[in-house]
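A.B. asks: Let me give you the structure first, and then I'll get to my questions.
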Amino acid sequence: MAKRTEVYKCEICGNIVEVYQGGGGTLVCCGQDMDLLEEKTADMTTEKHVPMIEKIVGGFKVTVGSTLHPMDEKHYIQWIELIVDGNEVLTAYLEPGQEPSAVFKTSATKVTAREYCNLHGLWKNEA
Ligand SMILES: [Fe+2]
């Protein structure tokens, strides 16, 4: 059963969806079940995909990663998201050529950041 903020991908057409409200059914695309994307974590000093969360005045800046992730046409960060206190989701959609970072305005102090690399999947970090 799908749960809020889970991310699913269709391996045939590439559709990616995020769940707003879980129901009892199975998410299907192109005639088959969509795959639940695992939220990968790692040591951010050695893994370039881990989103780095920086507290700034009025919110947070999230950058992928300690060495900037490539933003080429064939390999780039498609979106960065901030989950605030588990009940609000802020999303920045990125394009090749942009810096792999985003600024989110919020007064929250506890956040989770996620990012999606078109080649290496979904990554998360918490602050
Ligand atoms: Fe990547």
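What follows is calculated from the coordinates using simple rules that are stated; it is not laboratory data. What you see is a predicted model; the values in this text were computed from it and never measured. In this analysis, Cβ positions are derived from the backbone assuming ideal geometry, glycine residues included, and neighbour counts consider all displayed protein chains.
A.B. asks: Provide, for q = 0.13, 0.14, 0.18, 0.21 Å⁻¹, the log10 of I(q)/I(0) from a solvent-free Debye sum over equal Cα point scatterers in segment 1-83.
C.D. replies: So the normalised log intensities work out to -0.56, -0.64, -0.94, -1.09.
A.B. asks: Something else now. Dipole size in debye (nearest 20) for segment 1-98 around its Cα centre, Lys and Arg Cβ +1, Asp and Glu Cβ -1?
C.D. replies: Details: 8 positive and 16 negative charges, 30 e Å.
Around 140 debye, computed over segment 1-98.
A.B. asks: What is the set of long-range amide H partners of Trp79 at a cut-off below 5 Å, with H atoms built 1.01 Å from backbone N?
C.D. replies: Leu94, Tyr116
A.B. asks: Moving to a separate point now. Work through the residues other than Glu81 whose Cβ is under 12 Å from its Cβ and net out their charges, Lys, Arg +1 and Asp, Glu -1.
C.D. replies: Details: positive: Arg114, Lys124; negative: Glu18, Glu39, Glu88, Glu115.
Every neighbour counted, the sum reads -2.
A.B. asks: Another question about this same structure. Please state the relative contact order of the chain as a whole percent: Cα pairs under 8 Å, 6+ residues apart? Could the numbers behind the result be given before it?
C.D. replies: On the way: 281 pairs, mean separation 28.4, N = 127.
After rounding, I find 22 percent.
A.B. asks: Kirkwood Rh over alpha-carbon pairs of segment 50-127, then Stokes-Einstein at 4 °C and 1.567 mPa s: what D in µm² s⁻¹, rounded to an integer? The partial results should precede the final answer.
C.D. replies: Details: Rh = 12.3 Å.
Approximately 105 µm²/s, per Stokes-Einstein.
A.B. asks: Something else now. Among Ile12, Ile83, Ile56, whose mean-square fluctuation peaks in a Gaussian network model of the chain (Cα, cutoff 10 Å)?
C.D. replies: Ile12
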